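Structure first, then comments.
The values are calculated or read from the model by the stated rules, or taken from the named source; none is laboratory data. All of these numbers come straight from a predicted model, not from anything done at the bench. FYI the Cβ positions are ideal-geometry reconstructions off the backbone, even for glycines, and counts take in every protein chain you see.
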Amino acid sequence: MSLHAQDDPQLRAAQEERLRATWKPPQGLFLRWTDTNNNRVGVWYTLTAFGFMLFAGVLALIMRTQLAVPDNDLVSANGFNQLFTLHGSMMMFLFAVPMFEAVSIILLPQLLGARDLPFPRLSAFGYWSFLIGGVFVSGSIFFNAAPDGGWFMYPPFTTRTDLSGLGADIWMLGLSFIEVSSVAAAVELIVGVLKCRPPGMRLNLMPLYAWYILVVAVMILFAFPPLIAGDILFELERLLGWSFFDPAKGGDPILWQHLFWIFGHPEVYIVFLPSIALFAMIVPTFARRHLLGYPWIVLAAVGTAFLSFGLWVHHMFTTGLPKISLAFFSAASEAVAIPTGIQIFAFIATLWAGRVVWSVPLLYAVGSIAIFVIGGLTGVMVAIAPFDWQAHDTYFVVAHLHYVLIGGTLIPLFGGLYYYWPLITGKKLSDRIGRTAFWFLFAGANLTFFPMHFSGLMGMPRRVFTYPSELGVDGFNLASTIGAYVFAAGVLLVCIDLALSPRRAKAERNPWAAGTLEWLAHPDDEDWGIRSVPLIESRYPIWDQKDFVRKVDEGRFFLPDAEEGRRETIVTTVLDARPLQVLRLGGPSWKPMATAVALGSVFILTTYHLYWWSLVGAVATLAMVLWWLWSGTAEIPEKDEKPIGHGMTLPLYLSGPSASGWWAMFITMMADATAFSGLVFGYFFFWTRHEDFPPSGVGMDGPGAFWPMVALGVSLASWAATVAAREVHARGGVSAARALLAAGALLSLAAVGAGLAGPWTTGLEPKLHVYPAIVWTLAIWTSAHSGVGAICQLYALARSLAGRTTPRHDADVRNITVYHHFLAITAIVTYLTIGLFPGLA
Amino acid sequence: MKAGPQSAFATFGAEAEYLARLTWWMVGGAVVIAAVVAAMFVVAIRSPEGAIGDRGGRRLLMIAGGLVPTIVLFALLVTTLPAMRPIRAEAGDLRVRVTGEQFWWRVRYQPAGAAAVETANEVRVPVGRTTVFDLAAGDVLHSFWIPGLAGKVDMVPGRTNRLVVRATRAGRFRGQCAEFCGLSHALMAFDVVAMEPAAFDAWLAARRAPPAVVADAGMRAFDAHGCAACHRVAGTRFAGQIGPDLSHLAARATLGAGIRPMTRANLIRFTRAAPDVKPGARMPAYDDMTDADAVAIARWLETLK
């Protein structure tokens, strides 16, 4: 293709026709829901999360009405406990985190000038899982069966089946399901940021929103798995009577608190950093200049992420910790204010240096920062352990966290809504309604939550369904209730504005005159995402690069065509975004939805103790996943490479560390390893809690060293067979590779048996004491992974036999090897711990 | 804004006094910082383009965003570190073991060199002396919080946490459970009485003797309805351990763990319909109890002083 080929309007029209046909969404009553395009899935995701936010908000209004006056009996104690548990859980798990992921699914491809995310079907799977799990959890309140143990679910209250009913299981299993979908979306977003940037967009040219997506998705990846580990222990105790948190059997409720807050504190930054990311897009647009201090902001975001994993204990200052940990965690909690200060002052400096154009999105940004700063300052106060001893679990903390979350998540999101609505719908929202709504939200938030600082310190604990008049907090509570309705009126106004939008005319393109890539979006949007994938030379290409928009629109950059009628996007290198591959993307499919239904059935049926049915669901899930992978991934293209314009030709197939699939496997396994380390943490936590660990006695002596060492041996042999298979396969030894994979699968199956044989033959009784329980848990975890390892090896073998894997097209073999690397590490840690540590201890 | 009996601003203990002072200092600092940041936003938005350059902007974010917070936070941390060290307790100090139960408090005084005294739902401390609370939990998590005296400490099943306090003035106050513990978490409070040392010693000595028990119809009804399965009354053969000790019930100001004044009407209602007053309480309802029995039991309980 010559440089001037795109001058021909007929050629361009033909290209556009092909692109349009290729990216045409499926039609029909059912088929339209099989779409996987990020524009569609992202919008469903956003609307669903928004709906859950409104629902959880109504729950809060009911609570505030109950608390308007002392000794009120509008809601029963039981009803109130369900309300606050569901309000917190929904806002965190069904609104804040999914909303970030939903918005990112819409925006990321546009920010990166990509046609779609690397795994569109994974996004769709995440969405359907989220919808099913979310409806399951939130719907429980209509059956008076909602969880009622608080969003933190502290045992032993929640693990004792005589004190808490089905709600606890609904929380654990329903939200575990959603956590899986959150991690899936995180994998998608990380690979998207790292591998799907346009040519030339080196890491330091990335829009800040993409940086924040990367940071937050990595945080999700490491924060959610410890909670999933905790969920596993929790349900083993609730459903099977194994002991982890019951002190009568050597357990300790504090372990749950650690696992919960190792998740729970990063969670706060997971829901806050995306708002800073929105500010980082909004502020430069309306200051009409580059954001000042780009490297400092990136460093601050990364620093916040690191620190956030080191201060979970400040949620546990009152649990009777040693003084040295109080001092350490107080210091770490204070320190996290510093990167936050840098980020906020970067915005001040940018506004100061620029020419400010006042607008509704900027009003929301500045107003929410004002609220957030107050929450941040009270955060500094509660980070001081002695002050926290007073404030902890009182309305002071309710005030603090709502200032942070409303100023740091909710109002910024509304600001983002006003900013990005034209990008998504092509229409602007009303400035007038937006401004009015802002002042309702701003006044309402302050009127609701400012008085709570006082009611808390005047003796009102959190999570009380009523309070006596003698505390002297009646006036504060009434003010809070009035404020809550004012705030709700603001939300209602925003909803009205959204509802009026379909009747409004389309706005001009790039109505805010922004400089970043996503504003290439046309009001009459096409589903192909971007006409041609540009070469990026600046952080604000629309402002800085000459004729940028015209060149993109006329297809003068890369990949302006869809000659083969396949959905495609460009994969580039991680650091400097050199083009590597044209990636063929998955198109519309019902398989993600069906897989989500199957996986959801496992969690939901287990909640109702229908174990055989949930086993059926598990088998169906496995079958669906394998079918999905078999039919939709690592497809051998009809030709090796294709031209993408400007004389550049890229391969259509990649395997190994440069491929997006390899990265997805690697990142997923990082999450898996993190969950595993949560379980190992449990083992050693109990060791520090007991003089005699392992204890001795009937049902507690085990698993011995023999079987764990056998299991370790065969696990490592299986690993070696897999690595050898990869190597000889790459050198053309197809038959030898097949034999090695078959042998590896047999060894993996042997590892399953040997792993379980240790605790089985020594008669470890998990209901007796925490030691046999945690040993069994580690053994089952590792054996189950060996089982999946065998499936991986057999899958690669079958792909080879079916001719879908060849020495040149060997992504399957390389990806399962990544799995087996992690499996080997898991086996080493597990079997050395359970086999040899008792001898050392 | 009049501080009630359960306010961190109505202090009667050394630790709470320090924390109230610290609170006002930090609030003052926070107000100043919030005002300065807000003012900087206003100035930044109103100033013309190029009011500061790139270098000036970077200097602003380094100094105001990084350096100043670091100094302020470090100073705050260093000045508050000493407060993380508890008051030193001596071997001879009064020890009080408080166990949180759903939804009441088991209280056991253990003075050095004297017999222990068992009671419930009321905590008394001597002014000017060090008191050591050993805090435990009987069923689920609770948290022991007397805002006027000191910060809260959780009660964790399987662990014993310690809180050392020193009351500074006499008076009647209130404490409450601060860790969510179930249906009646909101209804789990207790009376707190700080007493001059001599008065405290006299009170504790009096509690060591059993109350003057009148063996009347109320006592027989108490027995007949099986109340003794759960409740202990010193000086009788009633020795239940599941529920609160009732030995000197009538000497307490409130009923049901700090939630109702100690009146006959409330005694009758609680005796017959405890689950209505306290949802989730382990005490069952006595729907078949006759009016006469309920009144007799209440009258008898009123004699336990």
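What the table below lists for this structure:
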{"quantity": "Residues satisfying the stated conditions in the stretch A:295-331, i.e. within 7 Å of chain B (Cβ to nearest Cβ), under 24 Å from B:A64 (Cα atoms) and in contact (Cβ under 8 Å) with a residue 12 or more places away in the chain", "calculated": "A:W296, A:S330"}
{"quantity": "Pick from the stretch A:347-386, criterion buried (at least 24 other Cβ atoms within 10 Å of the Cβ) and of a type in the set (F, W, Y), ranking: farthest from the chain's Cα centre (by Cα)", "calculated": "A:W352"}
{"quantity": "Pair list, Cβ < 6 Å and 6+ apart or interchain, from the stretch B:77-89 residues that are at the interface with chain A (Cβ under 9 Å from one of its Cβ atoms) to residues that are among the β-branched types (V, I, T)", "calculated": "B:T80/A:I384; B:P86/B:V164"}
{"quantity": "So A:V752, is it without any contact (Cβ under 8 Å) to a residue 40 or more places away in the chain and either part of a helix (DSSP H, G or I) or not assigned by TED's automatic domain parsing to the domain that holds A:A824 (or both)", "calculated": "yes"}
{"quantity": "Members of the stretch B:123-139 found to be away from every other protein chain (no Cβ under 14 Å) and in a strand (DSSP E or B), listed by number", "calculated": "B:V123, B:R124, B:V125, B:P126, B:V127, B:T130, B:T131"}
{"quantity": "Residues being part of a loop (DSSP other than H, G, I, E, B) and more than 9 Å from chain A (Cβ to nearest Cβ) - total across the stretch B:158-195", "calculated": "4"}
{"quantity": "Qualifying position, being of a type in the set (A, V, I, L, M, F, W, C), touching a residue at least 24 places away in the same chain (Cβ under 8 Å) and closer than 20 Å to A:G126 by Cα, among A:A620, A:A594, A:A562, A:A577", "calculated": "A:A594"}
{"quantity": "Those residues of the stretch B:243-265 which are within 23 Å of A:N78 (Cβ to Cβ) and either surrounded by fewer than 18 Cβ atoms within 10 Å (Cβ to Cβ) or within 14 Å of chain A (Cβ to nearest Cβ) (or both), in sequence order", "calculated": "B:L255, B:G256, B:A257, B:G258, B:I259, B:R260"}
{"quantity": "Given (1) facing another protein chain (nearest Cβ under 8 Å); (2) closer than 21 Å to A:I297 by Cβ; (3) of a type outside the set (A, V, I, L, M), number of the condition B:R59 does not satisfy", "calculated": "(1)"}
{"quantity": "Residue match in the stretch B:148-156 (condition: under 23 Å from B:P197 (Cβ atoms) and out of contact with any strand residue (DSSP E or B) (no Cβ under 9 Å at 6 or more places or on another chain))", "calculated": "no"}
{"quantity": "Yes/no for B:G28 being closer than 27 Å to B:R162 by Cα, more than 21 Å from the chain's Cα centre (by Cα), surrounded by fewer than 21 Cβ atoms within 10 Å (Cβ to Cβ) and more than 10 Å from chain A (Cβ to nearest Cβ)", "calculated": "no"}
{"quantity": "Conditions (1) closer than 29 Å to B:K2 by Cα; (2) of a type outside the set (D, E, K, R); (3) in contact with a helix residue (DSSP H, G or I) (Cβ under 8 Å, 6 or more places away or on another chain); number of the one not met by A:L441", "calculated": "(1)"}
{"quantity": "Some residue of the stretch A:604-617 being closer than 27 Å to A:T805 by Cβ and small (G, A, S)", "calculated": "no"}
{"quantity": "Residue among A:V714, A:V770 that alone is surrounded by 19 or more Cβ atoms within 10 Å (Cβ to Cβ), closer than 15 Å to A:G835 by Cα and in the same structural domain as A:V818 (by TED's automatic domain parsing)", "calculated": "A:V714"}
{"quantity": "Among residues of the stretch B:133-160, those that are touching a Leu at 6+ places or on another chain (Cβ under 8 Å) and of a type in the set (A, V, I, L, M), counted", "calculated": "6"}
{"quantity": "Answer from B:R237, B:R282, B:R269 - the residue that is closer than 24 Å to B:H185 by Cβ, out of contact with any Lys or Arg (no Cβ under 7 Å at 6 or more places or on another chain) and at pLDDT below 95", "calculated": "B:R282"}
{"quantity": "Cβ-Cβ under 8 Å pairs, at least 6 apart or on other chains, the stretch A:124-135 side within 18 Å of A:S104 (Cβ to Cβ), far side among the acidic types (D, E) and part of a helix (DSSP H, G or I)", "calculated": "A:G126/A:E101; A:G126/A:E188"}
{"quantity": "Matching residues, the stretch A:303-345, being of a type in the set (F, W, Y) and farther than 26 Å from B:A38 by Cβ", "calculated": "A:F306, A:F309, A:W312, A:F317, A:F328, A:F329"}
{"quantity": "Selection within the stretch A:29-63 - among the polar types (S, T, N, Q) and either over 22 Å from A:F414 (Cβ atoms) or in contact with a Gly (Cβ under 9 Å, 6 or more places away or on another chain) (or both)", "calculated": "A:T34, A:T36, A:N37, A:N38, A:N39, A:T48"}
{"quantity": "Criterion: farther than 30 Å from A:F263 by Cα and surrounded by fewer than 22 Cβ atoms within 10 Å (Cβ to Cβ) - qualifying residue of A:R731, A:R689", "calculated": "A:R731"}
{"quantity": "Residues of the stretch A:256-296 classified as among the aliphatic types (A, V, I, L, M) and not in a helix (DSSP H, G or I), total", "calculated": "2"}
{"quantity": "Scan of the stretch B:142-157 for residues that are within 15 Å of A:P155 (Cβ to Cβ) and more than 7 Å from every other protein chain (Cβ to nearest Cβ), ordered by number", "calculated": "B:H142, B:M155"}
{"quantity": "Residues located in the stretch B:1-18, provided they are more than 7 Å from every other protein chain (Cβ to nearest Cβ) and buried (at least 20 other Cβ atoms within 10 Å of the Cβ)", "calculated": "B:A10, B:T11, B:F12, B:G13, B:E15, B:A16"}
{"quantity": "Single match in A:S455, A:S501 (criterion: away from chain B (no Cβ under 14 Å) and assigned to a helix (DSSP H, G or I))", "calculated": "A:S501"}
{"quantity": "Matching entry among A:D393, A:D431, A:D388 (being modelled with pLDDT of 95 or more and in contact with a strand residue (DSSP E or B) (Cβ under 7 Å, 6 or more places away or on another chain))", "calculated": "A:D393"}
{"quantity": "Helices (runs of 4 or more DSSP H) wholly inside the stretch A:332-420 that include at least 3 residues being closer than 30 Å to B:R85 by Cα and at the interface with chain B (Cβ under 10 Å from one of its Cβ atoms)", "calculated": "A:337-353, A:360-383, A:385-391"}
